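The values are calculated or read from the model by the stated rules, or taken from the named source; none is laboratory data. Small disclaimer: the values here were computed from a predicted structure and weren't measured. All Cβ positions, even for glycine, are placed from backbone atoms using ideal geometry, and neighbour counts span all protein chains on display.
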Amino acid sequence: MSEQKFPGWHGTTILAVRRGGEVVVAGDGQVSLGQTVIKGSARKVRRIGTGQDVVVGFAGSTADAFTLLERLEKKLEAAPGQLARACVELAKDWRMDKYLRNLEAMLIVTDGADLLVVTGAGDVLEPEHDIAAIGSGGNFALAAARGLMETDLPADDVARKAMAIAADICVYTNGNLTVERIKK
C-alpha cells in the first residue's frame, strides 16, 4: 500500500538510562495511526530470555518488533550471557536476510551491563553518556535525560522526568509509561 492510502503508524518513545549500577528502560504507551490515537496503553518495554535477564524496548512496527524479539531470544539461547554477540548476530541476519530486511523497527537492548541500540541497517551501537533513546520522541527524551544526568537523581527518576518532557513535546508520545529496571 502506498503511504497516501495508509498513513502509517507513529508513536513511541523508548529511553534507557544507566546509572548507579542499574539500567532503567522506559517506554510510553501511545500508538497512533495518522492523527488518531489508537491505543494509549501499549507495552513496548519487556523482559526476554530464559531467566528474563534482558530488557528490550522497541519502536516501529509491533509485528516486526516481535519478530525481532523472537530472533533475539534464539540468539541469546545460542550465546548465553553474551548480549553483544547475540545483538551483532541479529543485526547481521536483519541486514542480510531477504525477509528480515523489510522489518521496520529499532531496539534498545540491555542486560544491565551492556546497553545497545540495534537497527535494521546492521548497526549495534553502544550509546555515549549512558543514555539511549529511539522513536518519534527519542531525541526529546535523550536531550532531557542528558541534562538530568548532571543532577544526582537516580536512573529511574531521570528516565521518568525525561519521558515526561518528551510527552509534553512529541504528539506521538504519552505519559503512560512501562518501566523496567535491571542490575548486573
- Message: If I go through segment 158-180 residue by residue, how many of them are touching a Leu at 6+ places or on another chain (Cβ under 8 Å) and not basic (K, R)?
- Response: 5
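T119: at pLDDT below 95 and either surrounded by fewer than 19 Cβ atoms within 10 Å (Cβ to Cβ) or within 15 Å of V23 (Cα to Cα) (or both), yes or no?
Working: at pLDDT below 95: yes; either surrounded by fewer than 19 Cβ atoms within 10 Å (Cβ to Cβ) or within 15 Å of V23 (Cα to Cα) (or both): yes.
Yes, satisfied.
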- Looking at V88, V45, which one is without any contact (Cβ under 8 Å) to a residue 60 or more places away in the chain and in contact with a strand residue (DSSP E or B) (Cβ under 8 Å, 6 or more places away or on another chain)? V88
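Return a yes/no flag: does segment 53-60 have any residue that is in contact with a helix residue (DSSP H, G or I) (Cβ under 8 Å, 6 or more places away or on another chain) and free of Cβ contacts under 8 Å to residues at least 12 places away in the same chain.
Residues of segment 53-60 in contact with a helix residue (DSSP H, G or I) (Cβ under 8 Å, 6 or more places away or on another chain): 54, 56, 58-59.
With free of Cβ contacts under 8 Å to residues at least 12 places away in the same chain added as a condition, the list becomes none.
Within segment 53-60, none of the residues are in contact with a helix residue (DSSP H, G or I) (Cβ under 8 Å, 6 or more places away or on another chain) and free of Cβ contacts under 8 Å to residues at least 12 places away in the same chain.
Answer yes if at least one residue in segment 119-131 is over 26 Å from W94 (Cβ atoms) and of a type outside the set (F, W, Y), and no otherwise. Give the steps one after another, and end with the answer.
Taking segment 119-131 and keeping what is over 26 Å from W94 (Cβ atoms), we get none.
Checked segment 119-131: no residue is over 26 Å from W94 (Cβ atoms) and of a type outside the set (F, W, Y).
With the structure loaded, tell me whether T110 is among the polar types (S, T, N, Q) and at pLDDT 95 or above or whether it fails that test.
yes
Just checking: which of the strands (runs of 3 or more DSSP E) contained wholly in segment 35-100 hold 1 or more residues that are over 18 Å from L15 (Cα atoms) and not charged (D, E, K, R)? Explain how you work it out, then say what you get.
Values: elements: 36-39, 45-48, 54-60.
Ranges flagged: 36-39.
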- Residue ID - surrounded by the fewest Cβ atoms within 10 Å (Cβ to Cβ), chosen from residues in segment 134-184 that are part of a strand (DSSP E or B) and among the hydrophobic types (A, V, I, L, M, F, W, C): V179
- Task: Only residues in segment 66-81 that are within 15 Å of G51 (Cβ to Cβ) count as the first member; pair them with residues that are surrounded by fewer than 18 Cβ atoms within 10 Å (Cβ to Cβ) and modelled with pLDDT of 95 or more, Cβ under 7 angstrom, at least 6 apart or cross-chain, and list the lot.
- Result: A79/R85
